[in-house]
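Novice: One structure, as structure tokens, below. Some questions next.
The values are calculated or read from the model by the stated rules, or taken from the named source; none is laboratory data. Being a predicted model, the structure only gives us computed values, none of them experimental. With ideal geometry, Cβ positions are generated from the backbone for all residues, glycine too; neighbour counts draw on all protein chains shown.
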Amino acid sequence: MPELPEVEVTRRSFAHAIAGADIRHVRLGKPLRWPLGLAPEALIGRTVLQVRRRGKYLLIDLSEGLLLLHLGMSGSLAFVPELPEAGKHDHFDLFTSQGSLRLHDPRRFGAVVYASAEDAPVAHKLLGGLGVEPLGEGFDPVSFRRGLVGRTAPIKQVLLAGDVVVGVGNIYASEALFLAGIRPTVPAARLGPVRIARLHAAIVHVMQTAITKGGSTLRNFSNAHGQSGHFQTQVMVYGRDGEPCHQCGSLIKAIRQGQRSTFYCAHCQKL
DNA sequence: ATGTAAACCTGTGCGC
DNA sequence: TGCGCACAGGTTTACA
């Protein structure tokens, strides 16, 4: 479910409310992708300092150590004064003095992992290989181009890999390539400065717009207040297989790339 | 080092 | 209505 915009929207929806809260109790449901890495009781008494984001990870800084949180494919967070009884897909609850944070994740590809520090081995293993932030200073056309050197894989798959630029998932990769007019199947290294500059701008634009719109709610994404996003209403190609292109009217195509669906307009994306 | 496929798990929608 | 299959917003792991 969540790509960078959804994760950022989630972060903004509860970061302020949870800052300064003291942890009073922790409840674990079924196992997630990785074990917490710490006895849950050990978190009691620690204070939440702030919530940051790196790629699709949320970093919850504590008075001692931090929690790395990932929403996987189907995760969402809720931050509420009073939690209802846990359902079958509620696998992590953090009860604090200022409200409770709950991770709901039916497929359990998500994770909550404790790290003693941001450069501790656990954290480094998860965050170490990540590319630059698309909305950060490090993302510019020149360094973007350097990152694509030697990459013979299709540009769509290189975007998804996340080692060049982070946070671009299956929806926004298709959308950004459409905006840039680039064919998703082009080998990444064959993109020249002009197309790379267009793609760079498209990625930044799509990410910013999606955040502004509250993310995309395809099935059931919502922020920590239960509010849906509405970027999906202005999607140009994702999930529009067989429908007319909003720009030229020809029918949107769907192909498989690396076991993921890709959507594009063969007329608008010829580069 | 890079590329590709399988794996993790549950739910939903579709064709028969 | 039920069954089986394909597919779903991600990322690690194993192997070419």
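Novice: Scanning for something part of a helix (DSSP H, G or I) and more than 16 Å from DNA strand B (Cβ to nearest atom), does the range A:134-150 turn up at least one residue? Can you show your working first?
Specialist: Taking the range A:134-150 and keeping what is part of a helix (DSSP H, G or I), we get A:141-148.
Still in the running and more than 16 Å from DNA strand B (Cβ to nearest atom): A:141-142.
Looking for residues that are part of a helix (DSSP H, G or I) and more than 16 Å from DNA strand B (Cβ to nearest atom), one finds at least one in the range A:134-150, hence yes.
Novice: Hey, could you check the range A:10-63 for residues that are hydrophobic (A, V, I, L, M, F, W, C) and assigned to a loop (DSSP other than H, G, I, E, B) and say which is nearest to DNA strand B (Cβ to nearest atom)?
Specialist: Quick first cut of the range A:10-63, residues hydrophobic (A, V, I, L, M, F, W, C) only: A:14-15, A:17-19, A:21, A:23, A:26, A:28, A:32, A:34, A:36, A:38-39, A:42-44, A:48-49, A:51, A:58-60, A:62.
Retained after the next criterion (residues that are assigned to a loop (DSSP other than H, G, I, E, B)): A:19, A:21, A:32, A:34, A:36, A:38-39, A:44.
Numbers: A:19: 32, A:21: 30, A:32: 9, A:34: 11, A:36: 16, A:38: 21, A:39: 22, A:44: 28 Å.
This residue is A:32.
Novice: Restricting to the range A:187-231, give me the number of residues that are part of a helix (DSSP H, G or I), within 16 Å of DNA strand B (Cβ to nearest atom) and without any contact (Cβ under 8 Å) to a residue 40 or more places away in the chain.
Specialist: Qualifying residue count, the range A:187-231: 1.
Novice: Moving on to the next point. Is it fair to say residue A:189 is away from DNA strand C (no atom under 14 Å from the Cβ) and not assigned by TED's automatic domain parsing to the domain that holds residue A:15?
Specialist: On the way: away from DNA strand C (no atom under 14 Å from the Cβ): yes; not assigned by TED's automatic domain parsing to the domain that holds residue A:15: yes.
Yes, satisfied.
Novice: For the range A:69-83, name all the residues that are crowded, with 22+ Cβ neighbours inside 10 Å and not in a loop (DSSP other than H, G, I, E, B).
Specialist: Residues satisfying the conditions are A:69, A:70, A:76, A:77, A:78, A:79.
Novice: Here's something else I'd like to know. Between A:149, A:142, A:158, A:165, which is more than 22 Å from residue A:267 (Cα to Cα), under 15 Å from the mean Cα position of the chain (by Cα) and at pLDDT 95 or above?
Specialist: A:165
Novice: So for the range A:242-253 (the condition being within 16 Å of DNA strand B (Cβ to nearest atom), over 19 Å from residue A:198 (Cα atoms), surrounded by fewer than 14 Cβ atoms within 10 Å (Cβ to Cβ) and over 19 Å from the mean Cα position of the chain (by Cα)), does at least one residue qualify?
Specialist: Yes: the range A:242-253 contains one or more residues that are within 16 Å of DNA strand B (Cβ to nearest atom), over 19 Å from residue A:198 (Cα atoms), surrounded by fewer than 14 Cβ atoms within 10 Å (Cβ to Cβ) and over 19 Å from the mean Cα position of the chain (by Cα).
Novice: Any chance the range A:244-254 includes a residue that's among the basic types (Lys, Arg) and either assigned to a loop (DSSP other than H, G, I, E, B) or touching a helix residue (DSSP H, G or I) at 6+ places or on another chain (Cβ under 8 Å) (or both)?
Specialist: Kept after step one, since they are among the basic types (Lys, Arg), are these residues of the range A:244-254: A:253.
Next, only the ones that are either assigned to a loop (DSSP other than H, G, I, E, B) or touching a helix residue (DSSP H, G or I) at 6+ places or on another chain (Cβ under 8 Å) (or both) stay: none.
No - not one qualifying residue is present in the range A:244-254.
Novice: How about the range A:255-271: which of its residues are hydrophobic (A, V, I, L, M, F, W, C), within 16 Å of DNA strand B (Cβ to nearest atom) and assigned to a loop (DSSP other than H, G, I, E, B)?
Specialist: none
Novice: Picking from A:116, A:100, which residue would you name as being surrounded by 19 or more Cβ atoms within 10 Å (Cβ to Cβ), away from DNA strand B (no atom under 15 Å from the Cβ) and either among the charged types (D, E, K, R) or not assigned by TED's automatic domain parsing to the domain that holds residue A:206 (or both)?
Specialist: Step by step, each of A:116, A:100 is checked, and only A:100 is surrounded by 19 or more Cβ atoms within 10 Å (Cβ to Cβ), away from DNA strand B (no atom under 15 Å from the Cβ) and either among the charged types (D, E, K, R) or not assigned by TED's automatic domain parsing to the domain that holds residue A:206 (or both).
Novice: On to the next question. Checking the structure you have, find out if any residue of the range A:177-185 is within 16 Å of DNA strand C (Cβ to nearest atom), more than 29 Å from residue A:68 (Cα to Cα), in a loop (DSSP other than H, G, I, E, B) and not assigned by TED's automatic domain parsing to the domain that holds residue A:46. Please lay out each step first, then the result.
Specialist: Quick first cut of the range A:177-185, residues within 16 Å of DNA strand C (Cβ to nearest atom) only: A:177-178, A:184.
Subsequent filtering for residues that are more than 29 Å from residue A:68 (Cα to Cα) retains A:177-178, A:184.
If we keep only those that are in a loop (DSSP other than H, G, I, E, B) too, we end up with A:184.
With the extra rule that they be not assigned by TED's automatic domain parsing to the domain that holds residue A:46, the set shrinks to A:184.
Checked against the condition, which is being within 16 Å of DNA strand C (Cβ to nearest atom), more than 29 Å from residue A:68 (Cα to Cα), in a loop (DSSP other than H, G, I, E, B) and not assigned by TED's automatic domain parsing to the domain that holds residue A:46, the range A:177-185 yields at least one hit.
Novice: Determine which single condition residue A:2 fails, assuming it passes every other condition in (1) closer than 21 Å to residue A:208 by Cα; (2) not in a loop (DSSP other than H, G, I, E, B).
Specialist: Answer for residue A:2: the failing condition is (2).
Novice: Turning to a different aspect of this structure: Of all residues being of a type in the set (Ser, Thr, Tyr) and within 18 Å of residue A:215 (Cβ to Cβ) in the range A:135-180, which is surrounded by the most Cβ atoms within 10 Å (Cβ to Cβ)? Just the residue, please.
Specialist: Applying the filter and picking the extreme gives A:174.
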